[in-house]
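Since the structure comes first, as structure tokens, the remarks are kept for the end.
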Amino acid sequence: MNLPATRGLWMLRTQWPFVLVAMVVAGLAAQDKPDFSGRWVLEDPLPAAVDTPRALIVRQSLVRTSARGTPMEPFYKDLIVEREFESEVRSGSHQIGVVGGVIGGVVRGTGGGVETTRSRFSVNWAGNRLVIETGSYSAPTREAGSFRERTEVWALVENGRLVLTITSRGSDAASMTQTLRYRRD
């Protein structure tokens, strides 16, 4: 009888329940945040405006290990969304837990004055809701120039529907909020 092979078989027989329990616990830890993955079809409002997605295909990546392969508390890394409009499909990806932006401008001495453009974005959890915020600004502060901002709040409600609440505001338009309801396809 090969002793190392017997030892390996014994370890497999006695250790697998612990590995299974660890995998189940890891999966449950990520369940405190909703998984929006799947295909969603617009339920309300009907008829939909041209700029309202008729359907959404959503994927969320669940991370369970570090870059070195060691187990860690699972978390949703990103949200990938395909928005199906009446005449086109638009895709986008959002890194969850990331806040960032870009500052651009014209350098002095190139014949122009100093003009700056700024953009910012953030994607974070607010309880069980995912909040995606974007903004673009033509001046160093929001009040000093033109701006556009958009906030999307994603939530799963008790009847299993996906509700998106989208608020858009800008220096050239009044604030507008739209609520879209989707059901799983």
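Only the coordinates and a few stated rules stand behind these numbers; no lab work does. Computed from a predicted structure; not experimentally measured. Don't worry about glycine lacking a Cβ; one is built from the backbone with ideal geometry, like all the others, and counts go over all protein chains shown.
Restricting to the range 119-141, what's the tally of residues that are in a strand (DSSP E or B), touching a helix residue (DSSP H, G or I) at 6+ places or on another chain (Cβ under 9 Å) and either more than 14 Å from VAL99 (Cα to Cα) or among the aliphatic types (A, V, I, L, M) (or both)? Please lay out each step first, then the result.
We begin by selecting, within the range 119-141, every residue in a strand (DSSP E or B); these are 119-126, 129-137.
Keeping just the survivors that are touching a helix residue (DSSP H, G or I) at 6+ places or on another chain (Cβ under 9 Å) gives 135, 137.
Among the residues that remain, those that are also either more than 14 Å from VAL99 (Cα to Cα) or among the aliphatic types (A, V, I, L, M) (or both) are: 137.
So the answer is 1.
Run ARG148 past the list (1) over 22 Å from SER37 (Cβ atoms); (2) in a loop (DSSP other than H, G, I, E, B) and report the number of the one that doesn't hold.
(2)
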